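Below is one structure; the comments refer to it alone.
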Amino acid sequence: MYKIVVPGDFLSTDIRRAGEGTYVENGKVYALRYGILDDKDEIRVVPLSGRYIPKRGDVVIGRVEDIMYPYWVFDIASPYKGLLHVSEFPAKVEYGTMDRFLRIDDLAIVKVVNVDPMMRVELKLVEEFRPPLHGGRLIEVPHTKIPRIIGRNGSMIKILKEEGRCFIFVAKNGRIWIRGNERNVDLVAEIIMKIAEKAHTSGLTDRVTQYLRAARGGKNVVRNKAH
Amino acid sequence: MSSEIKLIREDGRRLDGRLPDELRPIKIEVGVLKRADGSCYFELGKNKVIAAVYGPRELHPRHAQDARRAVVRFRYNMAPFSVEERRRPGPDRRSVEISKVSREALEPVIITEYYPRAAIDIFVEVLESDAGTRTAGINAASVALADAGIPMKGLVSAVAVGKIDGQIVLDLTSEEDQHGEMDMPVAMVTRTNTITLLQMDGRVTMEEFEKALDLAVAGCRRIYELQRKALIEKYSESRTEEIP
């Protein structure tokens, strides 16, 4: 159903359709990455692995790693650090008081405003989520699996939220924040890890629905079977 | 030089029964290390090597960073038990050289410009050695880089050729290397026919060199097919598995 390509594989002669994960040489399109070929309109190679590289507009979950006035330095699960300027904070922050608002190891949902050619990453806060994040649980999966966890038009995440009865925030960098009843969080976290593991298989959404419903029906029975 | 030891038998085959243009058996496994971004286990006859790739990741110390591209670092290391006589652990002149030439064999295919200021670290550990570990290391590292999702223009394949008992042969074993007349490891990007590593130890005529190079290119192509197959199989075999 899908085709796996490796770097250097010949894909097409139609260079106008060359998209992400490909490169053009001598009028031909080749794969630049190891991944799944998407040949619908644009020719793209969707990577199966790799580190998260920030892009403008991405919403990510960051962890404060350092405070260097006038910036909070965020670890965003990437080779590059994100910088949040004090002026982005919805309060007046004076020199030397930054740790009253966000301390080291605090979590925040932030948006990438700009990435310069040197890969310096500027962040801003996402208004709906006042930092730091309180409660809940943070889990981390490879960022390449995020589209699978969201599903086509959000089908998978919708099921997870409804059947899992949790608040789930999925960020582009592979971090997922789940908040709710401890038991529900356990279940949702377990399923998300499984989806990430089996991201390249088909029919996942149906299997997840079945599993979640079964877990709801007779909690103990199903949980024993899973282990 | 090689007067006493016969390396080619009466029937034209080599001591291990291979034909002059035959490779040793190859086994490739992708993604053997859970915590590495990409990894590969590679067997070439009795050679056993494992490659791990980490990155792109933040590079320290900062003065080593390059504002325009990622820095590729390659470490080739032989385990003390990889050879018959225990090898003193740690880097030596030979492994520093191999690390350098192997890095230079892989760097041309990696799009380092995508990751300014970062580092891509490649580690190759030789667990068992029987001549040709640098080529096995390059083959393993190339697959591990692809597995790590690093953007590359193609895979690099490598093999050694040599001259034993006056004949040009492919993929030398340790005896053939020690008692033969020439040893020449070659690495290339098979898609573009670009040679990225070529070293030679010994003396040959120009014609013999050309014959050897042709043989190496043919060997690299065969290895490339196996590398490609191993990568594709990683995801096709687990396709039918059920969750949970």
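Counting only protein heavy atoms and a probe of 1.4 Å, the accessible surface of chain A is 48% carbon and sulfur. Listed cross-link partners A:Lys92/A:Lys124; A:Lys40/A:Lys145; A:Lys111/A:Lys194 are compared with a 23 Å cut-off, the Cα-Cα value being larger for A:Lys111/A:Lys194. Of all beta bridges that DSSP places with both ends in the range A:77-159, some 60 percent have antiparallel geometry. Here's the list of lysines a cross-link from B:Lys6 could span, going by alpha-carbon distance under 20 Å and ignoring same-chain residues fewer than 8 apart: B:Lys163.
In a simple Cβ point-charge model (Lys, Arg +1; Asp, Glu -1; nothing else charged), the range B:1-147 has a dipole of about 440 debye relative to its Cα centre. The relative contact order of chain A, computed from alpha carbon pairs under 8 Å that lie at least 6 residues apart in sequence, is 14 percent.
The packing ranking of peptides B:30-36, A:32-38, highest mean first, is A:32-38, B:30-36, where packing means the average number of other beta carbon atoms within 10 angstrom of each residue. Using the Cβ of A:Trp72 as centre and a radius below 13 Å, the other residues enclosed give a net charge of -3, where K and R count +1 and D and E count -1. When chains A and B come together, the accessible area they lose, probed at 1.4 Å and totalled over both chains, is close to 3400 Å². Rounded, prolate or oblate: which one fits the range A:20-164, using the alpha carbon gyration tensor with axes a ≥ b ≥ c (rounded when a/c is under 1.5, else prolate when a/b beats b/c, else oblate)? In terms of gyration-tensor shape, oblate. For the charge dipole of chain B, defined by +1 on Lys and Arg C-beta atoms and -1 on Asp and Glu C-beta atoms about the Cα centroid, which residue among B:Gly154, B:Met206, B:Ile120 has the Cα displaced farthest towards the positive pole? So the residue furthest toward the plus end is B:Ile120.
Ligands, DNA and RNA left out, the accessible area of the range B:122-244 computed with a 1.4 Å probe is 48% carbon and sulfur. Under a GNM of chain A (C-alpha, springs under 10 Å), which listed residue has the highest mean-square fluctuation: A:Ile191, A:Ile15, A:Ile104? Highest fluctuation among the options: A:Ile15. When you filter the GluC sites (Glu not before Pro) in the range A:18-80 for DSSP loop state and at most 14 other Cβ atoms inside 10 Å of their Cβ, you are left with A:Glu20, A:Glu42. Considering only B:Val159, B:Val169, B:Val71, the Gaussian network model of chain B with Cα springs below 10 Å gives its largest mean-square fluctuation to B:Val71.
For chain B, the relative contact order is 21 percent, taking Cα pairs closer than 8 Å that sit 6 or more residues apart in sequence and dividing their mean separation by the residue count. How big is D, in µm² s⁻¹, for the range A:3-47 by Stokes-Einstein at 37 °C and 0.692 mPa s if Rh is the Kirkwood radius over C-alpha pairs? Roughly 337 µm²/s, to the nearest whole number.
Under 5 Å between amide hydrogens, built in the peptide plane, is the criterion, and for B:Glu22 it picks out B:Leu170 among residues at least 5 positions away or on other chains.
Placing unit charges on each Cβ (+1 for Lys and Arg, -1 for Asp and Glu) gives the protein assembly as shown a dipole about its Cα centre, and among B:Leu197, A:Phe101, B:Ile110 the Cα reaching farthest toward its positive end belongs to A:Phe101.
Charged side chains reduced to their Cβ positions (Lys and Arg at +1, Asp and Glu at -1) give the protein assembly as shown a dipole of some 2120 debye around its Cα centre.
The GluC sites (Glu not before Pro) of the range B:49-106 that DSSP puts in a loop, and whose beta carbon has at most 12 other beta carbons within 10 Å, are B:Glu84, B:Glu85. Calculated accessible area for the range A:137-218 comes out at 45 Å² per residue, all protein chains present (probe 1.4 Å; ligands, DNA, RNA ignored). When the helices of the protein assembly as shown are scored as -39500 (n - 2.57) per DSSP H run of n ≥ 4 and the total is divided over every residue, the value at 222 nm lands at -8000 deg cm²/dmol. Reported to the nearest whole Å, the Cα centre-to-centre distance from the range A:112-173 to the range A:24-91 is 13.
The values are calculated or read from the model by the stated rules, or taken from the named source; none is laboratory data. Nothing here was measured: the structure is a model prediction, and the numbers come from that model. Note that we place each Cβ from the backbone using ideal geometry, even for glycine, and neighbour counts take in every protein chain shown. These area figures cover heavy atoms from the full protein model, side chains too; ligands, DNA and RNA do not enter into them. Shrake-Rupley method; radii C 1.70, N 1.55, O 1.52, S 1.80 Å.
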